[in-house]
Structure formats: C-alpha cells, structure tokens
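I'd like to ask you about the structure that follows.
The values are calculated or read from the model by the stated rules, or taken from the named source; none is laboratory data. Nothing here was measured: the structure is a model prediction, and the numbers come from that model. Here the Cβ positions follow ideal geometry from the backbone for every residue, glycine too, while neighbour counts run over all protein chains shown.
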Amino acid sequence: MTDPTSSVQTKQGVRKIYAYTTPAEESVDWLNGKGNGRVKIGHTTRSVAERIREQFGASSTDRTWYPRGEWDAQAEDGTWITDHMVHRYLSKRYRRVPDTEWFEVDPEAVWEAVEVLKNDPKARPKGKDCYELRGEQRAAIDAAMTYYEADPSNRWFLWNAKMRFGKTFTAFKLAERLRSKRILVLTYFPAVDDGWSEEIEDHVDFEEWQYAENGASYEDGDQVQVSFSSFQMLEHKTLGKNRENANTKADALRREIAAVNWDLVIIDEYHHGAHHPARREFVSSLKTQRILALSGTPFRAIAKGDFATENKFDWTYLDERQALADWAKKETCEANPYEELPAIHFVGYRLPPHAALTGVDGDCDLTYSPTTIFKADKDGFKNPEAVKDWLQSLSTLSGSARRAGGVPPPYHPDFTGDVLSHVLWLLPSKHSCDAMKRLLEDGWFPGGEGEVIQVSGSEGETGKPAQITKKVRDKIAAAKRSITLSVGKLTTGVTVPEWTAVFHLKAGSSLESYLQASYRCQSSGSINLRNGDREVKTNCFVFDYDPDRMLVVMGDYIKSLKGSGAPLDDRSNAAFPTVIFDDEKNGHIPLNVSDIENELNNYLLKRRPAELMSDSMRLLEDAISAGGLNKALCAQLVKAGKSKSPHHAMRDLDPSLFKSKTPGTIIGDNGKQSAKSTEVADENPKNDEIRAIKEAMLVFIKSLGHLAYIGDLREASVEDLFKVDDELFEKIMGNDKDQVREIIDGAGLDRVQLNAMIQKILMWENFEFVVSGCRNRDELGECGKWYPSDEEATYAFSLQPNR
C-alpha cells in the first residue's frame with residue numbers, strides 16, 4: 001500500500017487535502033479506547049505549510065505542528081473533492097470533536113477516505129448542506145432588520161451584492177429571522193428559479209420548508225411556504241403559445257398572488273425591471289410590509305435615489321478582496337471562505353490597425369467599434385480579412401509588444417498560460433455568431449483546436465436558460481478547450497464554473513449589463529492544463545475590445561462605489577481589478593482607481609467630448625429637426641462660438657431663421673411656435689450649417705460645465721450658475737445671463753438633464769478641463785477656448801495579473 005503520509009508535490013493553485021496534528025493532540029486517547037492521537041483535516045489551494053501556520057494566530061505561544069498527509073484533491077472525473085466531503089465521510093465511521101475539524105482517526109484512514117471519494121462519486125456524501133452565514137451575510141441581515149424594525153412603514157430594502165455573495169441562502173436566513181411563513185420570490189429573470197428551489201432542497205436549515213412555482217396552495221399552516229414567480233409569467237410570456245389561454249392564466253396568477261398576505265416579498269435580479277412602471281406598481285400593491293430587492297448591479301436605482309444609505313447594504317468586489325486579505329490575519333482554524341473565488345482582471349485591447357481602420361466597404365473608418373468589425377449577415381462577416389487578422393492577433397505578439405517587452409495578447413502562453421481553457425465570447429449579432437463559428441472550425445481557433453459551442457445564432461442551443469446551461473456544461477466537460485459564442489444568452493442569473501474569461505466583442509452595454517456579463521467568469525472552478533492535469537481557478541479575465549467603453553464603464557463603477565460611501569484608498573487600489581494602459585511611448589502602466597479617473601477625464605474632454613453631452617445633444621437634434629432654433633438664439637450661439645470654436649462652418653455661418661418642418665407653422669424669434677399661417681416654411685438649413693449649430697451648442701454646453709468648475713460650484717445646478725459674478729459669467733459664456741437663459745429656453749434644453757450633465761462634469765475630484773490651461777480666476781485670459789485634440793494617442797489596454 002502506498003504510504004498515506006507521502007505528500008503530493010503539486011503546483012500553486014491545485015487544491016490539496018491535508019492532515020496534521022500538534023504536540024497537545026498527538027497522544028490524546030480516543031473515547032472508544034481503540035487508539036490515540038487526533039488529526040485536523042482541511043483543504044487549500046496554497047502552500048499547506050503556510051495555511052497551517054496561519055491557523056495558530058499571532059498570539060499562540062506554541063506553533064509546533066506535525067504533518068500527517070497531503071493529497072491531491074482532483075477526482076477521477078475531473079471534479080474536486082473538499083474537506084467537507086472528507087469530514088462527512090469520516091464522521092460516519094470515526095469520532096469528530098464537536099464543532100471542530102479534529103478527528104480521532106489514523107492518517108491512513110484519512111488517505112483511504114480521500115481515495116474513495118476521488119474514485120467513486122457514489123461514495124460522496126449526499127446529505128443536506130450545513131454551512132453557516134459568513135460575516136458579511138450576517139451584516140446584510142442585521143442592516144435589513146434594523147431598517148424594518150425602525151418604522152413599520154419601512155418596506156423596501158436593497159442588497160447591492162455582487163455575484164457569489166450567497167443571496168439565496170442569506171435571503172432565506174433573513175426570512176427565518178423575520179419569522180416569515182409566507183414568502184414570495186419574484187424575479188425579472190426566470191432563469192434563477194433553480195437556485196431558489198435547490199437552496200431549500202439542499203440546506204438542512206430549510207428542510208421543513210415548502211417550495212412551489214406558480215399556483216401554489218397558500219393554506220394556513222406552520223410550515224414555511226415559498227412561492228416563485230417571474231414577471232414573464234405574470235405577463236403571459238411563458239404560459240403557453242395560445243395568447244388567449246396565456247392571458248387567462250396570467251390574470252389568474254396575478255389575482256392569486258395579489259390576494260395573499262405575504263410576510264416577505266423578495267425581488268431577485270432587481271436591475272432587470274426596476275424602472276418598469278407597471279411592474280413596480282404591481283410590487284408596491286402587494287399585501288406585504290417587507291420587500292427585499294436583490295441585485296449585483298442596481299446602479300440606476302441608486303442613482304435615481306430609490307435607495308439611500310439607510311435602506312441598502314453593499315457588498316462589492318473590493319469588499320470581497322478585502323475580506324480575503326483580512327481573513328488571513330484572523331486567529332482562526334477555519335478555512336478561508338473567500339480563498340477559492342478567483343481574482344478578476346479587466347483587460348482592454350484596441351483592434352489591430354487593419355481591423356480598426358477598414359470599414360465594411362473598404363473605406364477608411366476612423367470610428368472605432370467592435371460592432372463594425374464583427375458585422376455580419378447570413379453570408380458571413382462583412383470584413384472577413386479584418387476578423388482573421390484579429391483572430392491571429394489573439395495568440396501572436398505584435399512588434400511593439402516584442403520591442404517594449406509588453407504584455408502579450410490573451411491566448412499567448414506567456415500571458416495567461418492555460419487559463420483560457422473555456423471562455424465566453426459576446427458578439428454583436430446572431431449572424432456574427434454563425435460566421436465566427438465557421439471561421440473557428442475552419443482552422444482559426446486561437447492557439448490550436450477546441451470545441452465551438454453556439455448558444456446564439458442558427459445553430460444555437462435552445463430551451464430554458466437552465467437547460468441551455470446544462471447543454472453547454474456537458475459539451476465543455478467533453479472538451480479540453482472551448483469557446484462559447486453568444487449575443488446575450490447566459491450573461492445573467494446562471495453559473496458556468498468552467499469559464500475563465502469573457503470577451504466583449506460588441507459595442508455598447510450599460511454598466512449593469514456589462515458587469516453582469518463580466519462576472520460570469522468569476523466563480524470557483526478548475527482549469528484544464530495542456531499536460532492533462534487540472535488546477536483550481538485562481539484568476540479570471542475580462543477582455544474588452546472597446547477600451548474606451550471599458551474606461552467609461554470602470555469610471556461609472558468607481559462613481560457608484562463613491563456614491564455608496566465605499567472608501568477608495570490604497571487598499572482599494574490594491575484590490576481593484578488590475579488594468580494596465582499601453583501605448584507605444586509609455587509601455588504598460590498599471591492604472592489604479594485614481595489613474596482610471598484621470599484617464600477618463602482625458603477621454604471625456606479630449607477624445608470624444610460629444611459623448612459627455614450625449615443627452616443634451618439629442619435634445620438639440622430634436623430642436624433642430626423641429627425647427628426650434630430661432631434667429632436670435634443662433635446669433636447668440638455664433639457670438640460665443642465664433643471665438644471659441646475652430647470649426648470652419650462655425651466661422652463662416654450666416655445665422656438664418658430655423659423654421660418648423662410642418663408647412664404653415666413658423667418658429668418665431670421668441671422661440672415659440674406661432675399659429676398656423678399660409679406662409680410655407682423655408683427649406684431646412686444646409687448640413688454644414690446644422691453641424692455648425694451643433695458645434696456651437698456643444699461649445700455652449702461645455703462652457704456651462706466650465707463655468708461651474710471655474711466658479712468653484714462643486715454641487716452646481718443650472719440655476720446656480722447664474723449666481724456667478726457677471727464679469728466671470730460673460731467672460732466664460734460669451735453672452736450675458738439673460739441671453740444664456742434665452743438660449744437654454746429657446747433650444748428647449750431640459751434643465752433636469754442639464755443639471756445631471758453638470759454633475760457628471762463635476763463628479764471627479766481631480767477634474768481638469770483642457771481649456772488652454774485655464775484652471776482658475778487668475779488665468780482668465782484665454783478662458784473658454786475649446787480646441788479638439790490634434791494628436792490623439794492610440795489607446796490599448798492590457799493586463800499583468802497579480803501573481
């Protein structure tokens with residue numbers, strides 16, 4: 001028989017089961033009188049010796065310990081066994097010291113238990129889970145209880161908690177604390193149903209609970225009853241193909257739910273439909289005093305003021321990383337519960353020059369967009385050569401990277417090694433997925449061969465999200481390497497532990513959708529190594545091929561953290577997803593929180609300033625289309641704009657009367673629509689004049705933000721700007737206060753949106769306008785002259801993971 005105490009020499013990141021004893025425990029007599037000596041059993045993905053030393057704590061006077069075994073935890077089927085499995089297996093055969101990981105057992109018996117569990121799946125314990133609340137989960141429950149108990153009228157509470165927080169288990173423990181008997185789980189995303197039912201089935205604390213979906217019996221009784229439904233079901237979208245029959249079922253279900261007195265209503269995946277008026281009205285009308293909203297990305301709801309500090313609890317990626325570091329400092333013998341959650345790294349790359357600058361018709365297209373590059377129809381990619389260039393770049397070092405010793409591309413072995421064994425690619429359309437599948441299967445799979453799994457497109461997997469997830473995981477299990485192609489499927493509410501990276505290959509996406517999709521790879525799992533071995537996943541990656549978008553999203557995320565009161569200090573910088581900025585001049589520079597903010601400022605103000613004003617520009621376009629810009633308004637804009645804008649059309653513009661498109665209706669000098677007239681409106685102005693007016697309005701809107709900045713108005717609204725002294729006001733705006741009011745009103749600009757725009761400008765603590773160096777009242781000489789950037793660096797982002 002193999003020596004059970006022999007150590008398996010495995011690399012960092014591979015889970016090991018270990019056993020050890022101490023001088024105080026090695027000679028303790030067993031209670032059954034059949035032996036002596038106790039051993040403690042745990043598991044870790046780090047050095048066993050390091051993990052054991054941590055368990056003694058700084059105050060321990062005697063840290064002596066003796067190893068009794070260290071074994072590879074990888075099972076024959078490629079899965080991993082845990083110390084809890086070993087504990088439960090041994091507990092049926094040997095005595096366990098109550099509430100500890102110590103057993104009265106020989107080391108050889110531990111080794112035998114490990115081997116049995118690895119080789120025989122049927123031997124693995126199938127009893128109920130018995131894990132307990134973590135510290136942050138208890139804190140979430142305490143925060144909700146404090147709010148609910150403070151005032152009977154307090155109904156809504158939000159858990160803003162990232163993926164892997166354990167929302168299902170924690171929500172049920174809150175219900176237990178509230179002594180709830182009737183619990184309704186409503187979701188905007190029905191794919192999460194399985195998680196709620198499995199929690200009741202699998203955990204010992206909910207052994208007597210009842211679970212039902214749609215049309216449950218709500219009879220009085222002592223047992224806790226949990227009912228699950230989704231708004232898709234309530235709106236007849238998943239209740240059958242016959243529309244009339246579906247409407248009838250949906251109406252009956254809504255009436256049934258509305259008739260019950262609920263002790264607790266839980267809204268899962270809250271971000272998906274929080275701003276749908278009818279849905280929120282339905283939830284608010286339910287008979288309940290307690291509503292718990294759950295979301296990992298509720299940024300819009302927080303920004304709107306739906307939740308404040310007193311009725312929300314936050315658990316972010318930064319909190320998770322800090323908890324991981326803090327646990328190692330504790331004087332505890334318990335395993336670190338955060339140890340197996342991989343660190344996530346965000347990486348931004350700009351597409352190769354050929355791909356980025358060549359439009360679908362071969363023309364030069366300086367507008368960067370992955371959607372343009374990966375545009376496809378039923379016949380394939382519009383620009384297949386550009387896509388092939390990109391596929392080749394995934395595993396090939398560019399010349400600049402070789403010269404600068406920079407970070408290589410995603411699939412290069414020097415960068416990620418074997419980490420990218422199974423990944424998710426998000427593409428712009430179903431046709432893109434079809435075309436990409438054909439290319440990958442035609443020899444363009446990065447780094448060699450692999451399985452292509454399609455969940456969107458003509459060959460995409462079909463069924464409910466849980467069914468699609470199972471199909472994907474089955475295919476992944478049969479492949480050493482794989483790429484899953486999707487447009488939007490499997491990007492929220494599901495877990496595929498095998499995924500180690502997400503590739504964003506389409507433009508757009510809100511902060512909520514972006515992070516929901518990105519965090520699909522940040523779940524505990526394992527990695528297939530090329531040598532046939534497996535190791536625990538300790539790092540995962542998000543690769544974004546629209547680095548400008550990534551920068552904005554990261555900036556919005558930082559803003560949301562600040563809005564939640566999260567301290568962004570040096571510890572936050574260390575824990576924040578590591579991003580590195582790369583250009584040919586500066587090489588690869590790590591970006592911490594402050595760096596991201598500064599780069600975002602530069603991006604917003606130098607690279608694409610119109611994006612900062614997108615809401616107001618849409619209003620402006622509407623005003624132009626409707627003929628809402630009158631002669632006086634144009635003249636005032638030109639007065640300011642001619643001196644501030646280098647736009648050739650602005651310099652040469654002859655202000656004309658902008659009239660309504662509607663024949664017989666004229667927009668007068670007062671900016672208001674007059675009564676119908678027999679006079680026919682003039683032709684629309686020329687395109688260059690429209691562009692010039694847009695340019696002038698952009699200068700005007702920027703000047704409002706500049707005025708707030710120079711005027712030291714850190715919490716400014718539009719109305720506050722008129723409190724600035726007249727000289728400074730006219731110097732910056734190019735018009736006096738009355739004229740500026742007339743421009744705002746005449747253009748139909750929404751003051752609420754202007755207020756939001758000004759706040760966006762002022763949201764960064766280290767904000768610096770690029771306005772000819774003018775940053776204060778002492779530098780007013782050239783103030784207000786806005787110039788586009790003459791030299792725009794080509795941005796690329798890449799990442800050096802924390803090793």
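In the range 25-79, how many are more than 25 Å from Lys329 (Cβ to Cβ) and either among the polar types (S, T, N, Q) or part of a helix (DSSP H, G or I) (or both)?
5
Something else about it: Strands (runs of 3 or more DSSP E) wholly in the range 442-558 with at least 1 residues that are more than 19 Å from Gln74 (Cα to Cα) - which ones?
So the answer is 451-454, 482-486, 501-504, 539-544.
Okay, next question. Quick one: which residue in Ser486, Ser518, Ser482, Ser509 is polar (S, T, N, Q), farther than 22 Å from Arg438 by Cβ and at pLDDT 80 or above?
Ser518
When the residues of the range 73-123 are filtered to those that are among the small types (Gly, Ala, Ser) and touching a Lys or Arg at 6+ places or on another chain (Cβ under 9 Å), which remaining residue is modelled with the lowest pLDDT?
Gly78
Return yes or no: is Ser47 under 46 Å from the mean Cα position of the chain (by Cα), exposed (fewer than 14 other Cβ atoms within 10 Å of the Cβ) and not β-branched (Val, Ile, Thr)?
Judged against the criteria, Ser47 is a match.
Yes or no, residue by residue, for (1) part of a helix (DSSP H, G or I); (2) at pLDDT 80 or above; (3) among the aliphatic types (A, V, I, L, M):
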| position | (1), (2), (3) |
| --- | --- |
| Leu713 | no, no, yes |
| Glu727 | yes, yes, no |
| Gln739 | yes, yes, no |
| Asp745 | yes, no, no |
| Gly748 | no, no, no |
| Asn766 | no, no, no |
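I'm checking my understanding of the structure. Among residues of the range 715-725 that are surrounded by 15 or more Cβ atoms within 10 Å (Cβ to Cβ) and within 32 Å of the chain's Cα centre (by Cα), which one is modelled with the highest pLDDT?
It comes out as Ser717.
Now for a separate question. Are there any pairs, at least 6 apart or on different chains, whose C-beta atoms fall under 8 Å, with the first in the range 372-393 and closer than 10 Å to Ala435 by Cα and in the same structural domain as Leu426 (by TED's automatic domain parsing) and the second part of a helix (DSSP H, G or I) and hydroxyl-bearing (Ser, Thr, Tyr), and if so, which?
Close Cβ pairs satisfying both conditions: Phe374/Ser432; Lys375/Ser432; Ala376/Ser432; Phe381/Ser432.
Condition check: over 24 Å from Phe228 (Cβ atoms) and not assigned by TED's automatic domain parsing to the domain that holds Ala517. Does Ala323 satisfy that?
yes
May I pose another question? Can you tell me which of (1) surrounded by fewer than 20 Cβ atoms within 10 Å (Cβ to Cβ); (2) of a type in the set (A, V, I, L, M, F, W, C); (3) outside any helix (DSSP H, G or I) is the one Met145 doesn't meet?
Unmet condition: (3).
Additional query: What are the residues in the range 445-474 that are of a type in the set (Lys, Arg) and touching a strand residue (DSSP E or B) at 6+ places or on another chain (Cβ under 9 Å), if any?
Lys471 - this is the single residue of the range 445-474 that is of a type in the set (Lys, Arg) and touching a strand residue (DSSP E or B) at 6+ places or on another chain (Cβ under 9 Å).
Yes or no, residue by residue, for (1) in contact with a strand residue (DSSP E or B) (Cβ under 6 Å, 6 or more places away or on another chain); (2) surrounded by fewer than 18 Cβ atoms within 10 Å (Cβ to Cβ); (3) at pLDDT 85 or above; (4) of a type in the set (Val, Ile, Thr):
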{"site": "Phe231", "(1), (2), (3), (4)": "no, no, no, no"}
{"site": "Gly240", "(1), (2), (3), (4)": "no, yes, no, no"}
{"site": "Ala252", "(1), (2), (3), (4)": "no, yes, no, no"}
{"site": "Trp262", "(1), (2), (3), (4)": "yes, no, yes, no"}
{"site": "His276", "(1), (2), (3), (4)": "no, yes, no, no"}
{"site": "Gln289", "(1), (2), (3), (4)": "no, yes, yes, no"}
{"site": "Leu294", "(1), (2), (3), (4)": "yes, no, yes, no"}
{"site": "Thr297", "(1), (2), (3), (4)": "no, no, no, yes"}
{"site": "Thr309", "(1), (2), (3), (4)": "no, yes, no, yes"}
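Still on this structure: Could you please find all residues in the range 417-444 being under 12 Å from Glu459 (Cβ atoms) and surrounded by fewer than 19 Cβ atoms within 10 Å (Cβ to Cβ)?
Across the range 417-444, the qualifying residues are Arg438, Glu441.
Continuing with the same structure: Picking from Leu490, Leu515, which residue would you name as being at negative phi, buried (at least 22 other Cβ atoms within 10 Å of the Cβ) and assigned by TED's automatic domain parsing to the domain that holds Phe445?
Result: Leu515 is the single residue among Leu490, Leu515 that is at negative phi, buried (at least 22 other Cβ atoms within 10 Å of the Cβ) and assigned by TED's automatic domain parsing to the domain that holds Phe445.
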